[in-house]
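The values are calculated or read from the model by the stated rules, or taken from the named source; none is laboratory data. Quantities reported herein were computed from a predicted structural model and do not represent experimental measurements. Using ideal geometry, Cβ is built from the backbone for each residue, glycine included, and neighbour counts are taken over all protein chains shown. SASA here: full protein model, heavy atoms, side chains in, ligands and nucleic acids out. Shrake-Rupley method; radii C 1.70, N 1.55, O 1.52, S 1.80 Å.
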Amino acid sequence: MSLPNHGANPHRLYEQLSIQKPLQIIDFSENVNPAGPPMFIQENWGELFHLISRYPDPQGQPFLSAVADFHGVSEAQILLGNGAAEIFSLLALLFHQKRAIVIDPTFSEYEATLAVNDVEIIHLEVEDIATWKLPIESIIRAMQQADVLYLCTPNNPTGVLPSKEDLLSLMEEGKKVNCSIVLDEAFIDWIGEDASMIPYIKDNPHIMIVRSMTKMYAIAGVRLGYMVASPTIIERLQQKTSHWHINGLAAAIGAACLKESKYRDEAIRYAQESRKELTSFLQRHGCQTTKSMTNYVSFQLPQPKQSKLFFHAMLEKGIVLRHTENFRGMNGEWFRVGMKDEKAMQALQKEMGSWLKQN
């Protein structure tokens, strides 16, 4: 049976597996900040509410200028999107009937959007999922015949961030052989802006970097993301967007979110502490874990053949993990866990510890 291709919406999982949904569930399958949205949204709701009845700014202001200021780039280098998902759909149009490299395991949306645009996909796999070390030599060889390389940095589902040295090496090769590079930095917020490759776009017009607002700021229902690239690429894609595709609420909330530096710092600190504690727990129980730097970690049971039994057992206890059935190379034998609040993390350790002891 085919399981949902994304985390979140756990009711669909229970329906598809015909498992009775417990009264209380904890959804570890999505990677949204457990702190919830910044408090200003609730505190200023009266001021935001009136935006519902107004047509939004067609350029997505004030969010457009806020992103430009945040990254120190021009507005002409920014494409706004109704979530990063819309941007990936638009990006795929650039490579219609061309050839793309995807490094597995990785986010399924790249393949999904490219396939409907008749893009030939070259799949390469990392040798070690735990370290998600890029097969640089294989990638460079494939780039000779490819039009674009898609890279998830940090990777989803492992949380591993490729080294800057490797990324710069691939960027240099892409420039030589005329191969574009799309970097998905949806989870880079959990590491910090020093890890972002946005500063390198100025001298590398073949680089496109996609960012998400929904994960760090817990505004998944609002749908907001953006891409930073050369003005030429942005202009081409801007022509393919619909009018008013960024709603007024999203634009106002997104602009204000970028000012929330204390909120970001606290979220990063909590994610680091929570991830470290969970990783230690998993390793003590014989599980293999990925070298994640984000607000999620992937792990494999001591006996991977028990994965399906374990997954179902956790669902029955109201613990929803992210399966890896649709991540190439993971074959359902890994699980991804998004960090939640302290109480939820304790519940996870209790149920997992009990199951592992019995099995």
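How long are the semi-axes of the equivalent ellipsoid of the stretch 299-344, taking √(5λ) for every eigenvalue λ of the Cα gyration tensor, in whole Å from largest down?
19, 13, 9
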Inset, instruction - Starting from the Cα coordinates of the stretch 10-88, work out the convex hull volume and express it per residue in Å³. - result: 193
Inset, instruction - For the stretch 171-272, would you read off the P(r) tail past 18 Å as a percentage of all alpha carbon pairs? - result: 56
Legend entry - Set of the stretch 118-133 residues, backbone N closer than 16 Å to the point 7 Å along the Cα-Cβ line of residue 291: 126-133
Inset, instruction - Determine the alpha carbon to alpha carbon distance for each of 133/305; 276/317; 240/308; 259/343; 21/164; 202/291 and list only those over 32 Å. - result: 240/308; 21/164
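Over the chain, what relative contact order in percent results from Cα pairs under 8 Å that are six or more residues apart?
Computed value for the chain: 25 percent relative contact order.
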Inset, instruction - Return the aspartates and glutamates within reach of residue 262: Cα separation strictly under 19 angstrom, same-chain partners fewer than 8 residues apart disregarded; answer none if there are no such residues. - result: 43, 69, 189, 193, 194, 273, 341
Inset, instruction - Mind grabbing the accessible area of residue 123 for me, 1.4 Å probe, Å², rounded to tens? - result: 60
Legend entry - the chain - mean residue ellipticity at 222 nm from DSSP helices (-39,500 (n - 2.57) per run, n ≥ 4, rounded to 500): -11500 deg cm²/dmol
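What's the local net charge at residue 93, with K and R +1, D and E -1, over the other residues with C-beta under 14 Å away?
Spelling it out: positives minus negatives among the neighbours equals -1.
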Legend entry - Carbon/sulfur fraction of accessible area - the stretch 90-142, other protein chains in place, 1.4 Å, %: 48
Legend entry - All Cα pairs of the stretch 59-200, percent lying beyond 23 Å: 36
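Per residue, what volume in Å³ does the Cα convex hull of the stretch 220-359 take up? Provide the component values of the computation, followed by the final result.
Details: hull volume 23.9 nm³, N = 140.
Dividing the Cα hull volume of the stretch 220-359 by its residue count gives 171 Å³.
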Legend entry - Hull-based mean projected area of the stretch 1-141, where the convex hull spans the alpha carbons, in square nanometres: 14.1
Inset, instruction - Report, to two decimal places, the Cα Rg of the stretch 102-176 normalised by 2.2 N^0.38 Å (N = number of residues). - result: 1.06
Legend entry - Spin-label zone in the stretch 291-324 - amide nitrogen under 18 Å from a point set 7 Å from the Cα of residue 21 along the C-beta vector: 312-323
Inset, instruction - With no solvent and one equal point scatterer per Cα, compute the Debye intensity ratio I(q)/I(0) for the stretch 69-108 at 0.17, 0.23, 0.26, 0.27 Å⁻¹ and report its log10, rounded to two decimals. - result: -0.68, -0.95, -1.00, -1.02
Inset, instruction - State in Å² the accessible area per residue of the stretch 11-56; use a 1.4 Å probe, count heavy atoms of protein chains only, and round to the nearest integer. - result: 71
Legend entry - Per-q log10 I(q)/I(0), the chain, q = 0.07 Å⁻¹ (Debye; single scatterer per alpha-carbon; no solvent): -0.30
